[in-house]
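Some notes on the structure that comes next.
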Amino acid sequence: MEKSLNELEGSVAGESSRDLLPETAHRPTWGSKVQYILAQVGFSVGLGNVWRFPYLCHQNGGGAFLLLYFVLLLVIGIPLFFLELAAGQSIRQGSIGVWKHISPRLAGIGFASCVVCSFVALYYNVIIGWSLFYMFSSFQYPLPWENCPTLANQTQKEPECAKSSATTYFWYRKALDVTDSIGASEMNWPMTGCLIFAWVLVCGGMIKGIKSSGKVMYFSSIFPYIVLVSFLIRGLLLDGALDGIQIMFTPKLEIWGDIQVWRQAATQVFFALGLGFGSVIAYSSYNDRENNCHFDAILVSFINFMTSILATLVVFAVLGFRANDITKQCFLANQEKIRGLIADSTLQALTLPFDNITVAEYSNWYTTVDAEANLTQYGITNCRVEDEMNKGVEGTGLAFIAFTEAMTRFPASPFWSILFFLMLLNLGLSTMFGNMQGIITPLLDNFTCLRKRKTIFTILCCISGLLIGFVFVQRSGSYFVSMFDDYSATLPLIIVVIFENVAVAWVYGADRFMDDIEKMLGYRPWRLYKYMWQYISILAMIGLLLASLIRMCIAHPTYQAWNMEKAAEEKLEYPPWALATLISLIVVASLPIPVVFLKQILQDRLQSLRTKSYGQCEYSQGCTVDEVLEPTEEDIPRCLNGYLHVEMEDLAERGKLLSDGDEENNDNVTS
């Protein structure tokens with residue numbers, strides 16, 4: 001599996017390397033296989049499993065989306081995840097070194113991964129800061145987002161809070177102190193302090209490399225599962241939890257005909273496993289070559305999928321309880337209104353059986369009567385669990401609005417709130433460790449000067465991330481977080497993974513790569529992987545890229561802003577400068593691939609020209625000292641082998657042995 005000297009000398013710049021690199025000397029390894037698996041699981045299982053996957057599952061057909069996600073996990077996720085694990089483990093380099101080894105022209109793939117990891121780390125740590133803010137705020141009873149604040153010297157509720165809800169008001173006005181649109185604004189100092197603390201935690205976990213981050217993984221990767229199981233048990237005991245789970249698993253197979261659902265499912269598979277970040281490659285590069293990376297790929301993918309299902313069960317059980325509680329309050333409020341209207345003879349012709357009526361029966365009655373009497377004009381609304389389940393379950397709204405509201409209805413709510421946000425903190429930290437490894441490891445492998453100052457370089461990376469991250473803790477910072485989350489990673493990562501696939505399957509060669517894996521594992525993986533890498537995965541990724549580009553071009557990019565007067569969210573279009581910024585993020589993240597490719601082509605051309613120039617020089621072999629010279633007709637000495645003798649000056653310049661007399665003189669001088 002290692003290169004011979006002849007192969008190294010005979011390789012041409014720009015061509016695929018023949019075999020794997022020799023094992024890097026003194027490269028650290030994981031303390032145990034458990035540490036490594038926990039690190040990979042900790043990186044792949046993140047905040048998206050808790051708030052994005054449940055939202056997509058509910059909005060896109062419940063059980064039908066689960067099945068679609070599982071199919072795409074088999075087609076795209078596992079083959080590409082296995083590809084990255086095998087490449088990192090076999091070549092034992094970070095993302096830059098891996099693709100540089102396969103072909104120097106493709107080294108830009110690794111640099112692009114580092115740029116994307118940098119963008120993600122900048123805003124991801126801000127979300128960790130939000131979790132810290134809520135966790136610290138949870139040490140109060142009652143929870144500060146349980147009730148609306150009152151105006152000064154009055155008993156009246158804050159109007160903005162009364163129009164929305166206590167949890168929504170706390171999120172936008174207390175935690176974020178958000179502005180009404182994107183743009184430069186003053187700093188949010190409490191959140192700035194939380195961001196500083198978040199970077200201190202990340203730096204502390206990364207400062208000794210995998211020796212420190214690997215040990216931290218024992219807690220940061222396992223603790224979220226303990227919390228999720230605890231929440232599931234508690235949630236199933238709540239009234240209405242089964243209604244939420246029933247909604248989750250209700251299949252809507254018609255969604256399979258929507259191309260956007262396929263795009264969302266593929267994107268979720270893509271981000272769930274952390275493909276393209278370089279972190280998977282970085283982690284696997286610290287493995288022994290004999291490690292069974294094929295088993296690891298299947299195991300981590302399966303754990304990730306089951307974690308998404310577990311988190312979705314927890315979320316829908318809790319949200320089902322919340323929706324039932326809100327629906328009951330809605331029903332009781334409307335009941336009082338109807339009684340008042342009947343007492344005023346406004347609704348004389350309408351009758352409502354008030355005794356032992358359920359919310360579902362009220363909803364059916366409302367649907368029938370509203371078509372005739374238009375109950376909306378009297379302020380009477382329908383009360384349905386499904387409608388409440390659809391509110392505030394996307395992205396940050398799920399964790400910081402809907403879920404926090406549900407926890408206010410728990411007995412001992414501060415305890416459950418602390419537990420929940422401590423779980424989010426651990427999920428975020430384990431993913432951040434992976435992001436930082438995706439930045440630091442490739443750069444240390446590629447630049448030896450940094451390797452000598454590893455600790456200082458790690459600290460400088462964290463300080464740089466903190467300073468740039470101050471952009472996200474302005475009062476308008478949450479809008480910048482949305483921008484980076486939506487555009488700085490999605491398209492560039494898809495492009496990176498497409499080039500990774502092409503590099504292995506077509507530049508290096510799928511068969512040769514399978515041979516290398518066979519030498520590592522002792523057996524040849526399923527032949528199906530070869531065809532996945534060569535055709536199916538590439539076509540699927542190109543389709544995902546085109547779908548994302550078409551969607552971006554058709555619909556003008558928008559973001560969710562908070563309207564203080566209306567006390568509600570509204571969609572706003574990005575201003576021109578913000579639009580230019582998000583386009584720049586996509587371009588900057590993708591730019592290293594063509595830049596390094598063109599740079600290497602130029603270097604190859606220059607080297608080829610130099611080689612061609614040297615090749616035009618004529619070569620004439622001279623006589624050796626043992627050869628007898630014979631005079632020619634022109635009195636020019638000729639070797640017995642028929643070659644002309646070279647000029648004496650040339651002999652001296654070429655280091656020709658001195659004559660006997662010169663040797664004697666030289667001996668006298670030296671003596």
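Between the amide H of residue 474 and those of 188, distances stay under 5 Å, these residues lying 5 or more places away or on another chain, with hydrogens modeled in the peptide plane.
For the listed peptides 236-242, 90-96, a ranking on the average number of other beta carbons within 10 Å per residue, highest first, reads 90-96, 236-242. In the context of the full protein assembly, residue 305 retains an accessible surface of approximately 20 Å², using a probe radius of 1.4 Å and ignoring ligands and nucleic acids.
With a 1.4 Å probe and all protein chains in place, put 420, 321 in order of accessible area, largest first.
Details: 420 5, 321 25 Å².
Final ranking, largest accessible area leading: 321, 420.
3J(HN,Hα) along region 493-503, derived from phi through the Karplus expression 6.51 cos²θ - 1.76 cosθ + 1.60 where θ = phi - 60°, amounts to 5, 4, 4, 4, 5, 4, 5, 4, 4, 5, 4 Hz, with x in place of Gly and Pro.
Going by Cα centres, region 403-422 and region 505-526 are how many Å apart? Going from one Cα centre to the other spans 50 Å.
Hey, what did region 421-525 get for relative contact order, percent, Cα under 8 Å, at least 6 apart? Relative contact order here is 8 percent. Model label points for residue 254 and residue 573, set 7 angstrom from Cα along the Cα-to-Cβ axis, are 3.1 nm apart.
Taking packing as the residue-averaged number of other Cβ atoms within 10 angstrom, the listed peptides 547-558, 436-447 run from highest to lowest as 436-447, 547-558. Under the simplified labelling scheme, the residue 539-residue 162 pair shows an inter-label distance of 6.2 nm, with each label point 7 Å from Cα along Cα→Cβ.
The phi-based Karplus calculation (6.51 cos²θ - 1.76 cosθ + 1.60; θ = phi - 60°) puts the 3J(HN,Hα) values of region 80-86 at 6, 5, 4, 4, 5, 4, 5 Hz, whole numbers, x for Gly and Pro. The fraction of all Cα pairs in region 442-515 landing in successive 5 Å bins from 0 to the largest distance is 3, 12, 11, 11, 14, 17, 15, 9, 4, 2, 1, given as whole percents.
A 1.4 Å probe, protein heavy atoms only, puts the accessible area of residue 528 near 100 Å².
For region 255-294, a Kirkwood radius taken over Cα pairs fed into Stokes-Einstein (25 °C, viscosity 0.890 mPa s) yields D = 199 µm²/s. Distance from the alpha carbon centroid of region 555-608 to that of region 355-374 works out to 50 angstrom. Using a probe of 1.4 Å, the accessible surface attributed to residue 29 totals some 70 Å² when neighbouring protein chains are kept in position. Pairs of alpha carbons in region 206-341 separated by more than 22 Å make up 61% of all such pairs.
With the simple spin-label model, which puts each label point 7 Å out from Cα in the Cβ direction, the residue 187 to residue 606 separation comes to 4.4 nm. Sorting 120-131, 48-59 by average packing, meaning the other beta carbons within 10 Å per residue, from highest down gives 120-131, 48-59.
The values are calculated or read from the model by the stated rules, or taken from the named source; none is laboratory data. Please read all numbers here as calculations on a predicted model, not as lab measurements. A quick note on method: Cβ atoms are made from the backbone with ideal geometry, for glycine too, and the neighbour counts reach across all protein chains shown. For the accessible areas, the whole protein counts, side chains as well, though only heavy atoms, and no ligand, DNA or RNA atoms are used. Shrake-Rupley method; radii C 1.70, N 1.55, O 1.52, S 1.80 Å.
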